[in-house]
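Accompanying notes for the structure given below.
Quick note: the coordinates plus some simple rules give every number you see, no bench work behind them. Just so we're clear, the structure is a prediction, and the values are computed from it rather than from any experiment. Ideal geometry is used to build each Cβ from the backbone, glycine not excepted, and the neighbour counts take in all protein chains shown.
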């Protein structure tokens, strides 16, 4: 039940993120949408590791049944990568704003064709 | 020596990575010497060349940190990696020499080294999640490099590049999660049987997502449109890196993913062929009407990577080898053309619109000769290496049964001639004399001398180079 | 494995030796050398020009000996590279390269595709003796472009009429001949090729009749003569192939001679227009003799060399349609060269102003000696054909009877010029479509398409993201639906 | 009990993300994203991933939100603050 709910949530969040990415023009909101998409992926990764009757993989006795540790490691890495990407994008947005005087992505048309 | 050999794949990543902080701290206020960076590349190339013989014998597999694959991360040093890393090392070295201290790009070499480390990792890794990490390292370095020109166009291009790149990264991440969910492993060597045994549509969808992500990174139709916009805003040195180093690395990764999942590759073959054919057509036709040098080259890259993908999607060993060979040759010649573009700026002219580009008076004839040789190579006119690689690609693709594809590759050259001729005529007889006023005279020899010389000299050995590629592909396919 | 180095080495060791190949190669080489000497005596050229010309002619002479696809293709491309170098040295290099190179590269690309298909079927890079089986349509179009077959001839007229006259002499020696050799070597003989050659010979003569400038006039006559050759070498009959090859050798000599005459004549009369040149007959006896020899040869008048190959073709072709077409083309040729001789050399009337300085002539004596030598060669090739090409049948040669029968059609053509030229010209000007209209239509359609494609790339990254999402969806759909 | 909580949290998550995409002001969207991250953290804890939850709380809810606010502050004085 939990797994099903969260699985559906992941897919719905992905849909919302892509919708926002394609429909909204404010660049900061595009970054927010990327964060939603990434959160959906993280939720998915953690869900893969989840076993209803297991314990968390840290602070455990050797005999315990525990959830899979590998996806957690992946999720941690993905969070860090996502945060640095967000920072990079926001820096670029500030710079673009300074040079183009706009924060709307559909006005970035110096290069085209 | 033996213990060094088993650690070799790790060293090939760690040495450039160690170079990153080294360069960061030795670079003060945008100035610095190129020597440390060149030294790092020299060490890597030395390691590579000492171990080719062992790699010929059998791939060197290392489990990083002593954890065996399936839980730990496997790194594999095989002929595919050797061939691609030699090419990328050459391009990175040229980029270091080409970098202009006065361009205002701070920490250029630091980012370059990060890109180098990331791409080496991409080409060596056996683990999909590790590949994801290296994809992001390479990409973040290249986003920053695109923005490093610090001007309006650079930021715009970098933002577009980040948006597309992040979406590609997310696709890969989803794919990896899905594959892990259904197969329980991320190690490419043990993936195939579990992939085939897995039930339902999820594994195939996930693998397709990874492939789509890589196709975005490679810029194939319909994922191609960002490419020209991103390359035209970057400086020529960065464009050379993007079209030479990252493209090669992603292509190698694509080859590894495709060879790790033979059943999926078989069912995807028609789609990949269609994508590659569309890329060839779109790339060449779009290049015909581009107003700028860098955009023209970018669209030509779309087409040439299409050649490689077409040959690879046919699935025959020799055709895959021919595709790989063409991609490597393309990396050298396309990056050389971009490096050559740097010389336009030595005339004090900031625009790269085709009607304004002009070579500096100094070494004018040398520049034109280099351009002609490189353009001949891109078009595929003998006796340069680009001809032989195209020849093999056409013949092997046809032999693998892809007749239309072979005709497309062959005809592509005739279209390419039209736009390279357009640029060449402008370079020989610059149209706007008021723009060709001598700027700060550069006494530097053109950087792509090395790449062009290689393209000329290696043409004689193209048989052996292809044989090497065939061996690499055989090794790659046997490993699965 | 189609090893390139290996294949080239193998070609050097075991070339394709066969009498037809030897004849073509020697004809190109001999005339090429004469043309080079002519240019050396005629005008000053840069060192780069000489490099290009020597590569062009050398590669042309080498091509017939190649035994496999790799070296055939490489030398084929080398001919183009040589021509490109020559064109770079011309005053209007841009326009010339734009006209010449795309067509040549298109031909090369089609040849490569054809070779690839043949390789895919046969698995070998060797060129078969009887012509290729797979990919012969592509190869056919490729050699058709090189041989300047009628709708694909624009590159040749555009180039040969715009280069300096000496350069035209050199270029006329190789490119189209290589196309004809390609038909001979690569395509299996068939009736359709005979008829195609016949049609081409006739149509090109009609276009030549329309021209009022000297060099386009000669260029269209090249196309027409190439039609004869293709009808011959494209035939399945061995005798016709030999006749076609001999026509190729003859053509190299007399067409080169005519280009040289024009190159010498234009600076003297000061006009490239056929109708306003006059008085050459009174000004230079040597050139007049050379022009008459060239005109008689190309019109197939005995005892000059054109007669031998043309009459052999008439006897040996399989298709009667082709034979009739070639007869019509012969009448047209005689008609148009009568016009050339009449206006340029024989017509009475006041002499125009003398123009002696054209593109820095060095000397005249040497160049005229070469024209005399070529005129003699035309005569000798007509009188003793078998000592030039041993494969020719015993019957080849001039006899009393052949002299009479051979004169019939050329005389008809010459007579037509004096009686009916005005009406014929008027009909031709109205009926034949201009070649540029079709090209312009194609070009504007192409531009329209490219603009449409370019307009899709608006620079909006969300649109590009949309394409990427859509592409991924399509990929997923395929994966879901695939078995 | 736990299941009801999870369903509720998921509904919240979807609602908040919809608000992030559709809200009229970008600032509101950024704050909503912070809330989104906190709900995500709670879900991670329920899914027995305290390590991921901790990182997400620190980086996602804290650091990234701060980045967003700073970036918005630096780009404020222009057109269309709400698209």
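Quick look at the values:
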{"quantity": "Between region B:257-316 and region B:324-344, the alpha-carbon center distance in angstrom", "calculated": "17"}
{"quantity": "Relative contact order computed over chain D (Cα-Cα under 8 Å; 6+ residues apart), in percent", "calculated": "31"}
{"quantity": "Cα gyration tensor category, rounded, prolate or oblate, for region C:1-73 with a/c compared to 1.5", "calculated": "oblate"}
{"quantity": "Gyration tensor verdict on chain C (Cα atoms; rounded if a/c is under 1.5, prolate if a/b is larger than b/c, oblate otherwise)", "calculated": "prolate"}
{"quantity": "Distance from region C:18-97 to region B:100-162 (C-alpha centre basis), Å", "calculated": "49"}
{"quantity": "Peptide D:64-76 - average C-beta neighbours from other chains (10 Å radius)", "calculated": "5"}
{"quantity": "Cβ-based exposure ranking for C:455, C:368, in which fewest neighbours within 10 Å come first", "calculated": "C:455, C:368"}
{"quantity": "Efficiency of FRET from Cβ geometry, residue B:369 and residue C:17, R₀ 25 Å, rounded to 0.05", "calculated": "0.10"}
{"quantity": "Peptides ranked, highest mean first, by Cβ atoms within 10 Å: ranges A:19-25, C:97-103", "calculated": "C:97-103, A:19-25"}
{"quantity": "Tilt relative to chain B, helix B:317-345 - C-alpha long axis, 0 to 90 degrees, to 10", "calculated": "30"}
{"quantity": "Residue order, fewest to most surrounding Cβ atoms within 10 angstrom, among B:188, D:1", "calculated": "D:1, B:188"}
{"quantity": "Gyration tensor verdict on region B:1-260 (Cα atoms; rounded if a/c is under 1.5, prolate if a/b is larger than b/c, oblate otherwise)", "calculated": "oblate"}
{"quantity": "Residue C:443/residue B:49 FRET efficiency (R0 60 Å; Cβ-Cβ; nearest 0.05)", "calculated": "0.70"}
{"quantity": "Residue A:22 paired with residue B:42, simple spin-label distance in nm, labels 7 Å along Cα-to-beta-carbon", "calculated": "5.4"}
{"quantity": "Highest average packing first - B:319-326, C:211-218, C:172-179, Cβ atoms within 10 Å", "calculated": "B:319-326, C:172-179, C:211-218"}
{"quantity": "With Cα atoms, 0 to 90° folded angle of helix C:93-122 axis to chain C main axis", "calculated": "60"}
{"quantity": "Segments A:76-88, D:13-25, C:107-119 sorted - mean Cβ within 10 Å per residue, highest first", "calculated": "C:107-119, A:76-88, D:13-25"}
{"quantity": "Chain C: relative contact order as a whole-number percent, Cα under 8 Å and 6+ apart", "calculated": "14"}
{"quantity": "Amide N proximity, region A:1-23 versus residue A:53 label position 7 Å along Cα-to-Cβ, cut-off under 17 Å", "calculated": "A:1-3"}
{"quantity": "For region B:350-395 versus region C:462-483, the gap between their alpha-carbon centres in whole angstrom", "calculated": "36"}
{"quantity": "Kirkwood-based shape ratio for region C:400-483, expressed as Rg/Rh from alpha carbons", "calculated": "1.55"}
{"quantity": "Residue order, fewest to most beta carbons within 10 Å, for B:241, C:474, C:248", "calculated": "C:474, C:248, B:241"}
{"quantity": "Exercise: per-residue mean of other protein chain Cβ atoms within 10 Å, C:101-110", "calculated": "6"}
{"quantity": "Residue list for region C:129-153, given a label point 7 angstrom along the Cα-to-Cβ vector of residue C:318 and an amide N cut-off under 14 Å", "calculated": "C:131"}
{"quantity": "Peptide C:134-147, shielding by other chains (average Cβ, 10 Å cutoff)", "calculated": "1"}
{"quantity": "Simple label model, 7 Å out from Cα along Cβ direction - residue C:407 to residue D:63, nm", "calculated": "10.4"}
{"quantity": "Pairwise FRET efficiency - residue B:456 versus residue B:353, Cβ, R0 = 25 Å, nearest 0.05", "calculated": "0.25"}
{"quantity": "Label-to-label distance, nm, for residues given as residue B:445 and residue C:386 (7 Å Cα→Cβ offset)", "calculated": "6.4"}
{"quantity": "Chain B, relative contact order [Cα under 8 Å, separation at least 6], %", "calculated": "15"}
